[in-house]
Amino acid sequence: MTSPPEVTEPGRAVIYGTGLIGGSVGFALRQAGWYVSGTDQEPGAAFRALERGAIDEVGDDPTATLVVLCTPAQSVAVLARKILAERSGQQDLLVTDVAGIKASICRQIDDDRFIGGHPMAGSEQIGIDGARGDLFLGATWVLTPGANTAPDRYARLLTIVRQLGSQAIALSPEDHDRMVALVSHVPHLVAASLMNGAAEASEGDAALLQLAAGGFRDMTRVAAGDPGIWPDVCIQNSEAILEGLDDLGTRIDQIRQAIASSDRDSIHAVLSRASASRRALPGQVLNPDHLAQVRIPVPDQAGVLAAVTGTASDLGVSVVDVEIAHSVEGDRGVLIMVVSVDDAERYATELRSQSFVCTVQEL
């Protein structure tokens, strides 16, 4: 398996878009020892990021080995292609993004130095003044390696994501968009609808919003976030969002019918299932003493990493770390996937069914 150019991390990074997420990435990278430059369409935002300490200097950095695109989703692909073309000879360059949609972006970028990303973290705060270095601690950070993504390059990005305090999971761009529509996009739209409904009702009942207790505030917290990113997300992921809204409408109709018919058992069943499912949500961080290596000899060819990480995604297995053990000679190496002990055997079994040879070793 061919080794990439020697790269020492942390190094130099540049962030395009120094708002809430970009500023938080800057803070977190600097805390991990990176030298960070930043630029923004609004010059004042970049200089404010410098004042706050989210970046070391304003502007681009042609020597950076890491570029993080934190711009609106609609501009990510065009900007990524521009940067990759300008730095066509820089093989140690790694470009990623943080957009909430992935399929439409990844389809437009044909360069193995780009790996899509999406940190599942945010805040009701808006802009650089809401940015903070611990925003990603314990968060899930989705990575979308493509068919041409080299294991070494993916491992580099995985290491960086872990430096920011997050736990990475690999998904295909299409799986990401379908899943995130259900757990992020649709809930955000629901929160906005609830908040707008309450606000309009309060025009006739001035005391209404004073009655908003913890449950309502928890459900509508995300509605306070920056609305600027959401039109792109809704339009570019419209199919999955519309399916999610249709499903939600069906579920609301069912509970409405149960209430209308005074069907106590059905009401209780819906709420009981939701209660049990909510309590069963997985924790954010795996116990480091409860991990195993799944070791997979692989050829150095396109598509291998995507197949291995895609299988983990299909099984719901969280990949904590990726390592590459290179052969002294030849075109093969060993891909080492670090996962939970509880997931290791079923993951290995599924890989074997795809003709991979693999072993499991508990850490």
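Summary table
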item: Simple label model, 7 Å out from Cα along Cβ direction - Leu363 to Arg279, nm; result: 3.1
item: Packing-based ranking, highest mean first, of 243-256, 347-360 given that Cβ atoms within 10 Å are counted; result: 347-360, 243-256
item: Charge dipole (the chain, unit charges on Cβ, about Cα centre) - positive-most of Gly249, Val233, Ile259; result: Ile259
item: Student exercise, segment 9-146 dipole from Lys, Arg, Asp, Glu Cβ charges, in Debye to nearest 20; result: 220
item: Extended-chain gain in nm, criterion 0.36 nm per residue less alpha-carbon gap, Arg264 and Asp246; result: 4.0 nm
item: Rounded to 5, the percent of DSSP beta bridges in the chain classed as antiparallel; result: 50
item: Pairwise FRET efficiency - Ile255 versus Arg52, Cβ, R0 = 45 Å, nearest 0.05; result: 0.50
item: Using alpha-carbon coordinates, inclination of helix 304-315 to the longest axis of the chain, degrees; result: 30
item: The chain: angle of helix 264-279 to the longest principal axis, Cα-based, in degrees nearest 10; result: 30
item: Hull volume in cubic angstrom per residue (convex hull over the Cα atoms of the chain); result: 163
item: Cut-off 18 Å, label 7 Å out along Cα→Cβ of Glu42, residues of segment 101-142 by amide N; result: 123-132
item: Full-stretch length increase - Ser193, Asp129 - with 0.36 nm per residue and alpha-carbon distance subtracted; result: 20.4 nm
item: Between helix 43-52 and the chain: long-axis angle, C-alpha atoms, 0 to 90°, nearest 10; result: 80
item: Pair Asp111, Asp321: separation of 7 Å Cα→Cβ label points (nm); result: 3.1
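No value in this document is a laboratory result; all are computed from the given coordinates. The structure presented is a predicted model; accordingly, all values stated were derived computationally and were not measured. Because the Cβ atoms are built from the backbone with ideal geometry, glycine has one as well, and the counts that use them run over all protein chains shown.
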